[in-house]
Amino acid sequence: MPEFLHGDVTEAVIGAAMEVHRALGAGFVEKIYEKALALELKLQGVRFQRQVKVPVYYKGMEAGVHVLDLLVEGKVVVELKAVAAIVDVHLAFTRSYMTATGLQVGLLLNFGKAKLEVRRV
């Protein structure tokens, strides 16, 4: 198995997300999964922040604000979806969150299918 940057953090998040998906299954809105994942991460002792506001700059001036679903251990951006399929725009948003934070690792988790869909970004 290849080594991933912050692999310990991503594996903890993926494990917690799998537990949430096992318990709830597909069919809920993203906010339910976000709250459930936050509860599971807390139970596992993983540090995280929810709904983190991150400014986006253009030529040194603030152009807007991104709101991250989760920032885990200050190292990994986590974007949650509850959709039929992950498409390129979901990956683009996750990458833009990573750019805005200056972080190198992101996870895109889709709870909208029978099996949890995980993309490392």
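A few comments on the model shown:
- Efficiency of FRET from Cβ geometry, residue 18 and residue 104, R₀ 22 Å, rounded to 0.05: 0.40
- Computed with a 1.4 Å probe over protein heavy atoms only, the accessible surface of the chain comes to 57 Å² per residue.
- Inter-probe distance in nm under a simple model that places probes 7 Å from Cα toward Cβ, at residue 44 and residue 113: 2.0 nm
- When you filter the chymotrypsin sites (Phe, Trp or Tyr not before Pro) in region 1-68 for DSSP loop state and at most 14 other Cβ atoms inside 10 Å of their Cβ, you are left with 4.
- Once the Cα-Cα distance is subtracted from the 0.36 nm per residue extended length, the residue 51 to residue 85 segment shows a gain of 9.9 nm.
- Correct choice for semi-axes √(5λ) of the Cα gyration tensor in Å that was computed from the model, options [x] 29, 15, 10; [y] 23, 16, 14; [z] 21, 18, 16: [y]
- Over region 40-96, Cα pairs under 8 Å with separation of 6+ residues give a relative contact order of 25 percent.
- Fraction of accessible area attributable to carbon and sulfur, region 1-72 (%, probe 1.4 Å): 59 percent
- Of the trypsin sites (Lys or Arg not before Pro) in region 34-64, those whose Cβ has at most 12 other Cβ within 10 Å and which sit in DSSP loop: 47, 59
- Gyration tensor verdict on region 57-97 (Cα atoms; rounded if a/c is under 1.5, prolate if a/b is larger than b/c, oblate otherwise): oblate
- Stretch gain in nm, segment residue 32-residue 75, where the contour uses 0.36 nm per residue and the Cα spacing is subtracted: 13.2 nm
- Measuring nothing but protein heavy atoms, the accessible surface of region 80-121 at 1.4 Å probe radius is 55 percent carbon and sulfur.
- Positive minus negative residues near residue 26 (Lys, Arg vs Asp, Glu; Cβ under 13 Å): +2
The values are calculated or read from the model by the stated rules, or taken from the named source; none is laboratory data. This structure is a prediction, so every number in the text was calculated from the model and none was measured. Reconstructed Cβ throughout: ideal geometry from the backbone, glycine too, with neighbour counts over all protein chains shown. Ligands, DNA and RNA are stripped out before the accessible areas are found, and what is left, the full protein with its side chains, is counted by its heavy atoms. Shrake-Rupley method; radii C 1.70, N 1.55, O 1.52, S 1.80 Å.
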